[in-house]
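None of the figures in this text is laboratory data; all of them are computed from the coordinates on show. Values in this document were obtained by computation on a predicted structure and should not be read as measured data. Every residue, glycine among them, receives a Cβ derived from its backbone with ideal geometry; neighbour counts consider all protein chains shown.
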Amino acid sequence: MKNLKSIVAIAFITVAFGSCADQKKTQAEKAVNNYVAYVDSVGNVASEDLAEKWDDVESDYIAKKNEAELALENLEDRMELDQKLEAGSKKYEEFKANLLAEKQKWKLQITK
């Protein structure tokens with residue numbers, strides 16, 4: 001009877017830890033997908049509109065990236081999510097560079 005109780009207790013603890021790990025992975029996936037969706041949505045907005053609100057866009061970007069990185073922090077199997085995060089960051093930085101270059105051109109055209 002003692003052995004049966006021990007086995008049941010060990011099984012319960014194993015299930016509890018397993019579900020906690022699954023919950024962390026689900027939260028991390030959600031945070032990374034939210035970040036990637038934000039980066040994609042920024043790329044779909046007209047450049048003129050973004051240029052006016054760039055500080056807000058940048059603040060939101062940093063917050064979403066920090067949230068995703070924090071969610072990944074204690075995850076063991078995170079390679080795929082790290083790659084998605086990195087791809088999103090690269091896409092954002094390329095978009096940001098293009099937008100800032102366009103913004104500079106607009107300023108030059110206005111001053112002429």
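Odds and ends about this structure:
- Label-point separation in nm, E73 to K53, each point 7 Å along Cα→Cβ: 2.9
- Relative to the Cα centre, the charge distribution of the stretch 24-66, modelled as +1 at Lys and Arg Cβ and -1 at Asp and Glu Cβ, gives a dipole magnitude of about 540 debye.
- Amide N proximity, the stretch 47-81 versus N98 label position 7 Å along Cα-to-Cβ, cut-off under 13 Å: 47-48
- Estimated inter-spin distance, E86 and Q109, nm [label 7 Å along Cα→Cβ]: 3.7
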